[in-house]
Amino acid sequence: DYIKWNEENQIAVRVSNSKGTFFAWPGFGENEGFGQAMGGIAASVYLHKKNKVHIPYNSYTPLKKWGTYFGTVSANPQKAVMRFQTNVENATDEEQSVELRTKLIDKKGRTVLSFSDVEEIAPVGCSGEPYLYTVSNQVYVNGKLTDTKNERCGIREITWDEDYCYVNGEKCILRGFGNRNTYPGLGSAVPVS
C-alpha cells in the first residue's frame with residue numbers, strides 16, 4: 001500500500017546505539033574494538049520483490065521462516081547421500097496447487113539429479129578446490145513459473161577424532177585464526193565477505 005509504482009520511492013531507517021538496544025547493550029557501544037561505538041546499520045540491506053507464491057529467504061532470525069535446506073548425510077568417493085528440504089510460502093488469499101522442481105547441477109551444467117512434487121499449499125499470512133553443485137528449485141502455479149532459487153553446495157561429510165578433522169574421510173589440518181570481533185553481535189552468522 002505504501003509503494004508508488006513507476007515513481008521514485010524512499011525508505012527511511014532509524015538507527016540507534018542507545019542503552020537497552022541489541023548492539024549497544026550490554027556494553028557493545030562502549031567498545032570500539034567491536035565497532036559499535038557509533039551505532040548505524042550493521043549489515044547489508046536489500047529489498048526483494050517476489051511472487052506471492054515463493055521460496056522464502058533464509059532469514060529465520062528477523063522473519064521466523066526459512067526457505068531452503070540441503071546437506072550431506074554421508075559421502076565417500078563412490079556415493080553420496082544428501083537431504084533436501086524446501087519451503088514454499090503461499091501469500092495469496094486462496095489455496096494453490098504448487099509444483100516444486102529441484103535439480104542438482106554439476107559444474108558443466110549437467111543435471112545429475114532431479115525430482116518434483118505437487119502439493120496443495122494453504123495461505124499463511126578442505127584440500128583442493130571444492131567441487132560445487134547448484135541446487136535449483138522452481139515453483140510452478142498452474143504450470144506457470146512463479147519463483148526460482150539457485151544455491152551452491154558441496155558434498156562433504158565432516159567427522160572428528162581426538163586429534164583431527166576429516167572431510168570425506170581425508171585428514172584435514174585446520175589452520176587459521178578466528179577473528180570473531182570483526183563482526184560483532186552477529187552470533188554464529190557469517191557475512192558474505
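The values are calculated or read from the model by the stated rules, or taken from the named source; none is laboratory data. Please read all numbers here as calculations on a predicted model, not as lab measurements. Ideal geometry is used to build each Cβ from the backbone, glycine not excepted, and the neighbour counts take in all protein chains shown. All accessible areas refer to the heavy atoms of the entire protein, side chains included, with ligands and DNA or RNA removed. Shrake-Rupley method; radii C 1.70, N 1.55, O 1.52, S 1.80 Å.
Summary of computed values
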quantity: Glu99 accessible area, assembled protein chains, probe 1.4 Å, Å²; calculated: 40 Å²
quantity: Segment 86-167, accessible area per residue, ligands and nucleic acids excluded (1.4 Å, Å²); calculated: 64 Å²
quantity: FRET E, pair Arg101, Leu174, Förster distance 35 Å, beta-carbon r, rounded to 0.05; calculated: 0.40
quantity: Built amide H within the under 5 Å cut-off of Val53, gap 5+; calculated: Ala91
